[in-house]
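The values are calculated or read from the model by the stated rules, or taken from the named source; none is laboratory data. Here the structure is a predicted model, which is why all the values come from computation and not from measurement. With ideal geometry, Cβ positions are generated from the backbone for all residues, glycine too; neighbour counts draw on all protein chains shown. Ligands, DNA and RNA are stripped out before the accessible areas are found, and what is left, the full protein with its side chains, is counted by its heavy atoms. Shrake-Rupley method; radii C 1.70, N 1.55, O 1.52, S 1.80 Å.
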Amino acid sequence: MPLTHNATRSYSARLDQPGLLDQLELPYPACQSLNTPSFTFDPGRTRYEPLFFKMYGASAREVRSHLEPVNWFGQTVQVTGVNGAAASLRAVANEVAQHPELLRYVHPSAGTFLWRKVAGTPRQSVHSFGAAIDLNTAYSDYWLWRGFKEGQPGIRYRNRLPLALVQIFERHGWIWGGRWYHYDTMHFEYRPELTSAATCGVSAP
């Protein structure tokens, strides 16, 4: 696929019609400490949709053909098997299970596969590809819930998830929406090109 930038280089254009280089431009701070993200720092939130359609499926029917059931603490969720996403989420669950203090944050899941657009945008949600999971909304914070508008300065950051949980996901190839200026702390998506055991500085499990 072509390695291009969106020629306009505006924030909204990079989100709505990015080039593949826009997707890869911001380094994801894998396994680093928790910090308030700077203005429009959203590593991984820009996604070149043709790549995702080609990898995971260009329709709900095609994506469904790759879904696998994952036991998420007694709840069955559907996640794509493409690129090892389902196997990775099972590994996350196995590691989280060793830390009972983290269970309240992860269960019940608020959802995995759902073919849809990101609310209020023309962009396809990563949930459409079965490559994302939302955690327990009782401990979640989301910029849109607090009445902010996309791209506005001064979005006030909020998070209640512990770093230990975030780092478990990141070691297994999942990025976290809580690393974004437009924070979405319930949201994790499978992006092994951005985070992994290696980028976290540990041996692969």
As computed over region 21-80, the Cα convex hull volume per residue (Å³): 140 Å³
message: Please report the carbon-and-sulfur percent of the accessible area for region 58-205; probe 1.4 Å, protein heavy atoms only, DNA, RNA and ligands left out.
response: 52 percent
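Specify, per residue and in Å³, the volume enclosed by the convex hull of the alpha carbon atoms belonging to region 104-155.
Dividing the Cα hull volume of region 104-155 by its residues yields 90 Å³.
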query: Relative contact order, percent, of the chain when contacts are C-alpha pairs under 8 Å separated by at least 6 residues?
result: 21 percent
- line: With +1 at each Lys and Arg Cβ and -1 at each Asp and Glu Cβ, the charge dipole magnitude of the chain around its Cα centre, to the nearest 20 debye, comes out at 360 debye
query: Got a sec? Charge dipole of the chain, +1 on Cβ for Lys and Arg, -1 for Asp and Glu; which of Gln17, Trp176, Val92 is way out at the positive end?
result: Gln17
task: Considering Cα pairs under 8 angstrom that are at least six residues apart, work out the relative contact order of region 12-65 and quote it in whole percent.
output: 39 percent
- request: Place +1 on the Cβ of every Lys and Arg and -1 on the Cβ of every Asp and Glu in the chain, take the dipole about the Cα centre, and give the residue among Gln32, Gln75, Asn6 whose Cα lies farthest towards its positive end.
  value: Asn6
query: What ratio of Cα Rg to 2.2 N^0.38 Å holds for region 46-179?
result: 1.08
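Semi-axes of the equivalent ellipsoid of region 1-122: what are they in whole Å, largest first, if each equals the square root of 5 times a C-alpha gyration tensor eigenvalue?
Computed over region 1-122, the values are 29, 21, 13 Å.
Can you give the direction-averaged projected area of the convex hull of the alpha-carbon atoms in region 95-134, in nm²? Please report the intermediate quantities before stating the final value.
Details: hull surface 13.7 nm².
If I average the Cα hull's projected area over directions, I get 3.4 nm².
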- prompt: Normalised by the number of residues in region 125-201, what is the relative contact order in percent for Cα pairs under 8 Å and 6+ residues apart?
  reply: 35 percent
- request: Quick one: check the C-alpha center-to-center distance for region 111-152 versus region 1-41, whole angstrom.
  value: 17 Å
message: Placing unit charges on C-beta atoms (Lys and Arg positive, Asp and Glu negative, everything else neutral), compute the dipole magnitude of region 118-205 about its Cα centre in debye, rounded to 20.
response: 260 debye
